[in-house]
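Take a look at the structure set out below.
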Amino acid sequence: MKKIITVFCFVSILFVFLFIPANGVSAETGSWYRVENDGVVFYKQPIDSDSQKLFLLEKSYYLFAASATNDFLYVQLFDNYGGFAKINGYVKASQVKPCTEAPITPYYPTETLTVNQSNALLKGEPSITSTDIAVALSGQSVCYYGTAWQNPDWYYVKYQTDFGYVQKRQLSTLLIALHPTPIVVPEPEQPDGNEPAPDTPTEDPAASSPWEWILILLICIPAVIIVLLLFMPQKKQKVKKFTPPKPKYMTESDVFDDLDLL
């Protein structure tokens, strides 16, 4: 009986893993991801709120993900080189694309901008009413990190050791080219005669039809029955003992009958 229960549990678990699709796929970590769309936000913390958004990432460039937290990737941006400082933050895993191999440099644009007015105020938020952090004088350079997510007229920059927002009109013109590696755009499938018309609704391929489940049951139920029959203990058939016939002996009457015939 224990064998039957073990086999049944094994078949049930196998059925679940083979035919029940997973609801989601966890993001891979410790690898490179690419920004292939506009509007990808760099977050301070893995919380989807306006207070945690720092700036927009440049399209076509790369980020290195060290780990994953819920729907976010913990990523690194820049190296401590050329006046830039490496910063860590978060991006939504659904907004970036994993890379199959390491990208070529530059991983992210290293653009420095020059203050073209008498001074440029470094703000804590992209607003003229926000708190002043520092003042960059005319002719001094700032390191560009990204554009403010809610206001494209402000840049998120690093000035000396401070980070903050500066109005772009106070800085030299920003010129960023796309990364040398082109973004691969999948070609649309060519329609053929067997495909439905554009206005014809098509079934969702991810949805399972009733016929598929019926077919699965028709395959699995006989398989379970066969396994049960193979491992079910068989009843022993009783063997009928052979009893030899008793020998027949002649009686006196048989003898006299034979003599009468003479």
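Here Ile20 does not fit the description of being in contact with a helix residue (DSSP H, G or I) (Cβ under 6 Å, 6 or more places away or on another chain), β-branched (Val, Ile, Thr), at pLDDT below 85 and farther than 28 Å from Cys143 by Cα.
When segment 54-85 is filtered for residues that are buried (at least 18 other Cβ atoms within 10 Å of the Cβ) and of a type in the set (D, E, K, R), only Glu58 remains.
Yes/no per residue for (1) acidic (Asp, Glu); (2) farther than 15 Å from Lys158 by Cβ; (3) open to solvent by 70 Å² or more (accessible area, probe 1.4 Å):
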| site | (1), (2), (3) |
| --- | --- |
| Val91 | no, yes, no |
| Ala102 | no, yes, yes |
| Gln117 | no, yes, no |
| Glu125 | yes, yes, yes |
| Ile133 | no, no, yes |
| Leu137 | no, yes, yes |
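Entry remark, segment 37-76: residues being in a loop (DSSP other than H, G, I, E, B) and more than 17 Å from the chain's Cα centre (by Cα) number 15 in total. Being out of contact with any helix residue (DSSP H, G or I) (no Cβ under 6 Å at 6 or more places or on another chain) and modelled with pLDDT of 95 or more is the requirement here; does Ser94 meet it? Answer is yes for this residue. Pairs are defined by a Cβ separation below 7 Å, a sequence spacing of at least 6 or placement on different chains, a first member in segment 35-47 that is farther than 25 Å from Gly124 by Cβ, and a second member that is open to solvent by 40 Å² or more (accessible area, probe 1.4 Å) and among the aliphatic types (A, V, I, L, M); the pairs so defined are Glu36/Ile183.
In the set Asn194, Asn151, only one residue is modelled with pLDDT under 95 and surrounded by 11 or more Cβ atoms within 10 Å (Cβ to Cβ); that residue is Asn151.
Every condition in (1) in contact with a helix residue (DSSP H, G or I) (Cβ under 8 Å, 6 or more places away or on another chain); (2) open to solvent by 60 Å² or more (accessible area, probe 1.4 Å); (3) under 22 Å from Val41 (Cβ atoms) is met by Phe163 except one, and the failing one is (1). Of the residues making up segment 67-78, those that are at pLDDT below 95 and closer than 21 Å to Thr110 by Cα are Gln76, Leu77, Phe78. Being open to solvent by less than 40 Å² (accessible area, probe 1.4 Å) and closer than 29 Å to Thr114 by Cβ: is that true of Phe42 here? Taking the combined requirement at face value, the residue satisfies it. The residues in segment 102-122 that are touching a residue at least 60 places away in the same chain (Cβ under 8 Å) and over 12 Å from Tyr33 (Cβ atoms) can be counted, and the count is 5. In segment 152-171, the residues that are under 13 Å from Ser127 (Cβ atoms) form Cβ pairs under 8 Å with partners that are assigned to a helix (DSSP H, G or I), at six or more places apart or across chains, as follows: Asp153/Lys168; Asp153/Arg169; Trp154/Lys168.
The values are calculated or read from the model by the stated rules, or taken from the named source; none is laboratory data. Just so we're clear, the structure is a prediction, and the values are computed from it rather than from any experiment. Counting neighbours? That spans all protein chains shown, and the Cβs are built from the backbone with ideal geometry, glycine included. Side chains included, ligands, DNA and RNA excluded: accessible areas come from the protein's heavy atoms. Shrake-Rupley method; radii C 1.70, N 1.55, O 1.52, S 1.80 Å.
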